[in-house]
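To start, the structure itself, in structure tokens.
What follows draws every value from the coordinates through simple rules; no lab data is involved. Here the structure is a predicted model, which means the values were calculated and not measured. Here the Cβ is made from the backbone with ideal geometry for all residues, glycine too, and neighbour counts use every protein chain on show.
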Amino acid sequence: MKSMTGYGEATVQGRLVRVLVQLRTLNHRNLDLQARLPREYLGMEEDIRRLIREKIARGRVELFVTRSVLKGQGRRVDLDERLLSQYLQSFRRIKRRYGLQGNVDLSLCAGLPDLFQFMEPEGREKEEGGLVFKALAGALKNLERSREREGKQLMLDVQTQARHLRDVSASLTREGGRIGLRIKQSLVLREGGEVPAQAVPSANGGWTFKGDIHEETVRLKTHVGELGRLVRRRSAMGKRIEFLLQEIIRELNTISSKAPQLSVVQLVVAGKERVEKIREQAQNIE
């Protein structure tokens, strides 16, 4: 079991830059990935998203990638000497034709368009791409550990509540057996084999009596058992737990409406309390 909340980061340094990847995850019903990347890494975004989706199934994911250029290893300035020569020839031609005064100096050259260009070091993209994905893998690994640590605490609490829910289910089964026995003992089939008015068709093709909760307690036991097995799996389970809780609540409601005896109602209330505690935790489970 993993929590949807966690944090992980990793830093990798190469020949030219240092890359820091930070991942923070929060509760969310579905997978919602928000990525903040430097302009130089925008071309990698889809691959980065794919790797994160392979590891995280549910929750809000906030990704921050920071690129720090190492001192003396950044971009270099390149002078387009051919373009400068054309500028100078044009200035001399203008000066002769129109009889202008003045000289071309360095301050004028600094403002000429496209004369200077920033050049990235050779092999930068390939090297930095490797750094980014290495840092991402480390951050994901640390995030996984963070989410698993909190997930263990969630699992212990959910297992405790599930055990109490199993006890409630067993008690309802016993109560249902006693209620069913009393109902059958109080009814006498009419002469000629007619079915009494208190009997209604059951799902399995037979007959059951009003107030009989046997079928509901069987389904309740099945759902509670599946819940206990589910929390021990190593996979995303939050949505499945929420679905099972809905089914358990449905059976508890039906039981209390069909058999409103005090002993049954008290057990149903106790069961709903456990369901709500598990539901609160399920909102944090991937």
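Summary of values
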{"quantity": "Cα gyration tensor of region 1-45 - equivalent ellipsoid semi-axes, whole Å, descending", "calculated": "26, 15, 6"}
{"quantity": "Using alpha-carbon coordinates, inclination of helix 262-282 to the longest axis of the chain, degrees", "calculated": "10 degrees"}
{"quantity": "Exposure proxy order (Cβ contacts within 10 Å, fewest to most) of Ile248, Ile241", "calculated": "Ile241, Ile248"}
{"quantity": "From the C-alpha gyration tensor of region 21-124, square roots of 5λ in Å", "calculated": "52, 14, 11"}
{"quantity": "21 Å Cα-Cα reach of Lys141 towards lysines, excluding residues that sit fewer than 8 places from it in its own chain", "calculated": "Lys2, Lys55, Lys152"}
{"quantity": "Highest average packing first - 30-36, 269-275, Cβ atoms within 10 Å", "calculated": "269-275, 30-36"}
{"quantity": "Exposure proxy order (Cβ contacts within 10 Å, fewest to most) of Arg234, Arg24", "calculated": "Arg234, Arg24"}
{"quantity": "Percent of C-alpha pairs per 10 Å bin, the chain, short to long", "calculated": "6, 19, 16, 13, 12, 10, 8, 6, 4, 3, 2, 1, 0, 0"}
{"quantity": "Histogram of C-alpha separations across region 76-119, 5 Å bin width, %", "calculated": "5, 20, 29, 22, 14, 6, 3, 1"}
{"quantity": "For region 208-284, the Rg and Dmax computed from alpha carbons only, in angstrom", "calculated": "13.4, 43"}
{"quantity": "Footprinting exposure proxy for Met4, Met44, Met237 (fewest neighbouring C-beta atoms within 10 Å first)", "calculated": "Met44, Met237, Met4"}
{"quantity": "Size of region 242-286 as Cα extents on the principal axes (Å, biggest first)", "calculated": "38, 15, 7"}
